[in-house]
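Scroll down for the structure; my scribbles are underneath it.
Where a number appears in this text, it was derived from the coordinates with a stated rule and is not lab data. These numbers were taken from a predicted model, which means no experiment stands behind them.
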Amino acid sequence: MPPASFLSPVPCPLPPATGNRSPPPRIIGGSPQQSAAAPSGRTVVQTGEEFHEGAAAQVSGKWAVEKEGTAPRYRDGKWIVVDYGRPILRGRTDIFGTDAEYGKTVNAGAPVWRAGANQTTRFKTEAPLVFAGKTLPAGEYSVFVDLKPGAWTLVFSKQPHQTKYDPNNKTETWGSDGYDPKFDALRVPMQTSVGTTSIEQFTIAFINMTQQGGALALAWEKTVAVVAFTVGT
């Protein structure tokens, strides 16, 4: 069995592309110790030390009045969903380190950061997305970050991932353990900044969104990393 902070979530499919319903909740396997309502109304479940949640956006849709006298409904949108664990600082500082030690704490011996906690962070998109002129086809990917001081690289990978922890499985990732760059589908540089406000819990969010694109942001402690994208064809 992995440590409590490495318990895996139950796989959850993307919601339908039409309608205005929210993505379904993600539930972590094991015995939940605490649950709470997320701002979006989804359920967040804590197992062991970390929370597990998701970020979501819809693009390429439109609002339309289907019947006179009724409120507009959002139709034909394409989902983009990130499922990830959310580690908490709990009094730690300089979580990413400095100089030659940069990234070593969060990488925990792996060559890249898992950008979360517990099971490998997953990114699912129903639309092709263009990052820095490079197209990421619609599909499902694992997400990692190659950490360098002031120079983060977001990695989308097609490497198989474990849905249940197996310490003898050396070909599929658990978090970023077992990561192999030969499966990289796309690598894109991120813009990083360091502020004065400390963010307690690691957060992934879609920001500045329109129906044609937006940006993906990763934030923890005082570091924020952002990468812009547009919807491809």
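What to note about this one:
- Counting only residues at least eight positions apart within a chain, or on another chain, the lysines with an alpha carbon under 18 Å from that of residue 134 are 124, 158, 182.
- Per residue, the Cα convex hull of the range 54-98 amounts to 136 Å³.
- Derived scalar couplings between HN and Hα for the range 158-168 equal 9, 5, x, 10, 7, 9, 9, 4, 9, x, 8 Hz in order, rounded to whole Hz, by the Karplus curve 6.51 cos²θ - 1.76 cosθ + 1.60 (θ = phi - 60°), x for Gly and Pro.
- The range 93-217: antiparallel DSSP beta bridges as a percent of all, rounded to 5: 95 percent
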